[in-house]
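The values are calculated or read from the model by the stated rules, or taken from the named source; none is laboratory data. Values in this document were obtained by computation on a predicted structure and should not be read as measured data. Note that we place each Cβ from the backbone using ideal geometry, even for glycine, and neighbour counts take in every protein chain shown. These accessible areas exclude ligands, DNA and RNA; they are computed on the full protein's heavy atoms, side chains included. Shrake-Rupley method; radii C 1.70, N 1.55, O 1.52, S 1.80 Å.
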Amino acid sequence: MATQIDKEACREAYNQVRDDNTDINWAAFKYEGSMIVAAGQGTDYEDFKRMCTDDARLFGFVRIMTGDAMSKRAKFTLITWIGENISGLQRAKISTDKAKVKEIVQNFAKEFMFSDPRELDEDNIRTELKKAGGANYDAQAE
């Protein structure tokens, strides 16, 4: 059965993360049968990380703050999480299903695919986002 996506609920969660007037900094989208649904959102990245278990396959849209004292800016990332216990068929399917998620999650600086919880380290992601962002004025302070 072809995977479907709850576009309205997922778009609402995506827009809340992008909205500068909310504290929401992550949204997760998970599978319920053959449907991708909004699975939650929040203000604490650790809550998102707890959803990334060995038995889970999900997508996350995350806001990470970068910059220095003079210039703070939000960078966004799309994370695909594939737990260690996910079958080969489900692993293969997630790459084609990602196109449906990207119809909604369109604006992000960098995309990641993780299966090891250590890869979800927020500082690691921030470093990669800085590299993807071009000019790094933080280097002047070093």
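Residue-level analysis places Glu46 outside the set of residues that are more than 19 Å from Ala109 (Cα to Cα), modelled with pLDDT of 95 or more, open to solvent by 80 Å² or more (accessible area, probe 1.4 Å) and of a type in the set (Asp, Glu).
With the structure loaded, tell me whether Tyr31 is farther than 22 Å from Lys131 by Cα, under 11 Å from the mean Cα position of the chain (by Cα) and either at pLDDT 95 or above or among the hydroxyl-bearing types (Ser, Thr, Tyr) (or both) or whether it fails that test. When the stated conditions are applied, Tyr31 does not pass them.
Checked against (1) at pLDDT 95 or above; (2) open to solvent by less than 70 Å² (accessible area, probe 1.4 Å), Asn85 passes all but a single condition, namely (2). Pairing each residue of region 91-117 that is among the hydroxyl-bearing types (Ser, Thr, Tyr) with any residue that is surrounded by 15 or more Cβ atoms within 10 Å (Cβ to Cβ) and outside any loop (DSSP other than H, G, I, E, B), provided the two are 6+ apart or on different chains, yields C-beta distances under 6 Å for Ser115/Ile82. Checking every residue in region 40-51 against the condition of being over 18 Å from Asp97 (Cα atoms) and touching a Pro at 6+ places or on another chain (Cβ under 8 Å) gives at least one match. Of the candidates Thr127, Thr53, the single residue that is touching a residue at least 12 places away in the same chain (Cβ under 8 Å) and either crowded, with 18+ Cβ neighbours inside 10 Å or not aliphatic (A, V, I, L, M) (or both) is Thr53. Residues in region 19-41 that are surrounded by fewer than 17 Cβ atoms within 10 Å (Cβ to Cβ), closer than 24 Å to Ala74 by Cα and either in contact (Cβ under 8 Å) with a residue 12 or more places away in the chain or polar (S, T, N, Q) (or both): Asp20, Asn21, Thr22, Asp23, Ile24, Gly40. Among the residues of region 107-121, none qualifies, meaning not one is hydrophobic (A, V, I, L, M, F, W, C) and more than 17 Å from the chain's Cα centre (by Cα).
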